[in-house]
Amino acid sequence: MSRRFAGVLPTAAAVLFVLSAYAFFGSTGTWEFRRVNWPESFYGGQVEGYLLGQLSLRHEADPALAKLANPYEMKQREGIPFSWDASYYKGKYYLYFSPVPALIFTLPFKLVGKGYPSDALTMTFFAMWAFLASVVFLGRALRHIEAVKHVPFPVWVLLAGVGNAVPFTLSEVRVYEVAVACGMAMSAMWAYTLLRFLERPSWRTAALMGLFLALTVATRPNMIVLIAVAAVAMFLSGARRTMIAAAIPLFVIGSAYAIYNYQRFGSPFETGLAYQLTTKPMLDETPCSLCSAADFSRFMNTLMHYVFYPPKFVSTFPFADLRYNGVDPATSFPARSEQIGGIGALTPLSILGSALALLLVLARRVRDTGTRAAFYVLAAAWIAMLTLSTCRWVTGRYSLDFAGLMLLGAILGIEQGLTFLREAGVSIRPLRVLVVLLAVYSIVTCVLLGFAGPRMAFKNTNTELFERLEKRF
């Protein structure tokens, strides 16, 4: 075995482990993803609608809804079957989530596979995409660091893959999780193309970065804040004329999405959220705001959830689970409580890496291309989290909007920060041991969370396997 191959083998094993974990939890331990009929998935219904030449879902709304004075009032819908969380407008159902997952995966799968993918398979696909893009980003960014690496790369690979809420979320997948996973994949590609642009600013690399930036925003509109970060990165790079190349895909995709919304709801800025069939009428609701003292109290509470909310550890398998959120019903969306784990509690290295990154910025030690890219990504993640904290609902799946990007930037911050401290005469051996221990904690904890899932979804779906594991451990 050559020395080069032997060096690659641990990384390949780490990648294989993460991909296998995604497939395992996405299939809730069965290793099987069955094809489904279109009524079993909103995205299947959306593609069916496209194939029939319509923008609405193929799912048909009960005519009784049209006879109601206000079909968005839950009490008035009692006794009438309806599609929960679909957008109902002028007698038809629409998907208020982005069509990007349907166009990238569901439609091609339908044309090639002669059936529809389950939502679990769709999320697994996008989660794998996001992970692989993250690994490529890390590998390329770390090559720009001249100093000796302080943590073995396979450890970073494992942390980037399972040191987050992805295993937990994969155990129960619906339309919501698919949208988040697709946005996660697009934002990971944005991070990688941003790095490529900083390496070699050109119209081509700028256009690629603009493409994945546009797809990220089209999938998760709350990620529009990434545009500002990308603009600053391009402006400071010196290649300011290439901003036009990045703006072209943003304009084209943004215009297409605006026309798509106008054709469905008569407004370029209405995605369908106002017409959502949920627990309360949404037409006059503002999903995200920070305009009052009540809004600020919700913002602080939500921010604490996303950063510090701890998991709970118990003596029985799977030994870890996420706690239910503690929101103020007077200022938050009136729905059942969902589970959430803070990024600092699940992946404390995100906080440590962010602190070291700030230290490097203050010391003006942001020199190489990989570190600059990582810091832009890290800044984007924190801004995305702050923006998301203004919204009226907090749940674990939303943390995936920023958790992956934050960890990518934090890893580079740790590597460069440890080098800086060593050059300053600080003994970093204890810190290196602490970093590895915290990485192991996150990897083990988050994998165990996969065996729980939202409301113990893994156990409820595959009771036989869960009970066998419970008896064994």
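Residue 263 sits among other residues whose Cβ lies under 14 Å from its own Cβ, and their net charge, with Lys and Arg +1 and Asp and Glu -1, is +2. Computed from phi, the 3J(HN,Hα) profile of the stretch 403-411 under the Karplus parametrisation 6.51, -1.76, 1.60 (θ = phi - 60°) reads 4, x, 5, 4, 5, 4, x, 5, 4 Hz, with x in place of Gly and Pro. In angstrom, the C-alpha Rg and Dmax of the stretch 144-240 are 15.9, 46. Close amide-amide hydrogen proximity is noted between residue 89 and 94, each under 5 Å apart and 5 or more residues distant or on a separate chain (H modeled in the peptide plane; Pro and chain starts excluded). A Förster radius of 51 Å, combined with the Cβ-Cβ distance separating residue 471 from residue 136, puts the computed FRET efficiency at roughly 0.80. Amide H contacts of residue 36 (H built 1.01 Å from N, in plane; Pro and chain starts excluded): 116, 118 sit under 5 Å, all sequence-distant by 5 or more or on other chains. By its C-alpha gyration tensor, with a ≥ b ≥ c as the square roots of the eigenvalues, how is the stretch 184-311 shaped: rounded for a/c under 1.5, else prolate for a/b larger than b/c, else oblate? Because a/c hits 1.5 or more and a/b fails to exceed b/c, the stretch 184-311 counts as oblate.
Label 7 Å along Cα→Cβ of residue 66; the stretch 91-123 residues with amide nitrogen under 12 Å? Under cut-off, by backbone N: 91-93. Here the label points at residue 304 and residue 288, each 7 Å from Cα along the C-beta direction, are separated by 2.2 nm in the simple model.
The trypsin sites (Lys or Arg not before Pro) of the stretch 11-71 meeting both criteria, a DSSP state outside H, G, I, E and B (loop) and at most 13 other C-beta atoms within 10 angstrom of the site's C-beta, are 34. Computed over the chain, the quotient of the alpha carbon radius of gyration and 2.2 N^0.38 Å is 0.99. Put simply, the amide H of residue 320, placed in the peptide plane, has neighbours under 5 Å in 314, leaving out anything fewer than 5 places away on its chain.
Among the chymotrypsin sites (Phe, Trp or Tyr not before Pro) in the stretch 305-397, none is located in a DSSP loop while being surrounded by at most 10 other Cβ atoms within 10 Å of its own Cβ.
Other residues within the sphere of radius under 15 Å centred on the Cβ of residue 303, judged by their own Cβ, net out at -1 (K and R +1, D and E -1).
Estimated at 0.36 nm per residue, the fully extended path between residue 37 and residue 433 surpasses their Cα-Cα distance by 137.5 nm. The 3J(HN,Hα) values that the Karplus relation (6.51, -1.76, 1.60; θ = phi - 60°) gives for the stretch 107-123 are, in residue order, 5, x, 4, 4, 5, 9, x, 6, x, 10, x, 5, 4, 5, 5, 4, 5 Hz. Gly and Pro appear as x.
Rounded to the nearest Hz, the phi-derived 3J(HN,Hα) couplings of the stretch 437-452 under the Karplus curve 6.51 cos²θ - 1.76 cosθ + 1.60 (θ = phi - 60°) are 5, 5, 5, 4, 4, 5, 4, 5, 4, 6, 5, 4, 4, x, 7, 9, where x marks glycine and proline. Modelled spin labels at residue 262 and residue 114, positioned 7 Å past Cα toward Cβ, are 4.2 nm from each other. Considering helices alone, the calculated mean residue ellipticity of the chain at 222 nm is -19000 deg cm²/dmol, with DSSP H runs of length four and up weighted by -39500 (n - 2.57) and normalised per residue. What is the mean projected area of the alpha carbon convex hull for the stretch 1-140, to one decimal in square nanometres? For the stretch 1-140, the mean projected area of the Cα convex hull comes to 12.2 nm².
Here the gap between residue 55 and residue 236, fully extended at 0.36 nm per residue and compared with their Cα-Cα distance, gives a gain of 61.0 nm.
Readers should treat all values here as calculations from the given coordinates under stated rules, not as data from a laboratory. Remember, predicted model here, so these are calculated numbers, not experimental data. All Cβ positions, even for glycine, are placed from backbone atoms using ideal geometry, and neighbour counts span all protein chains on display.
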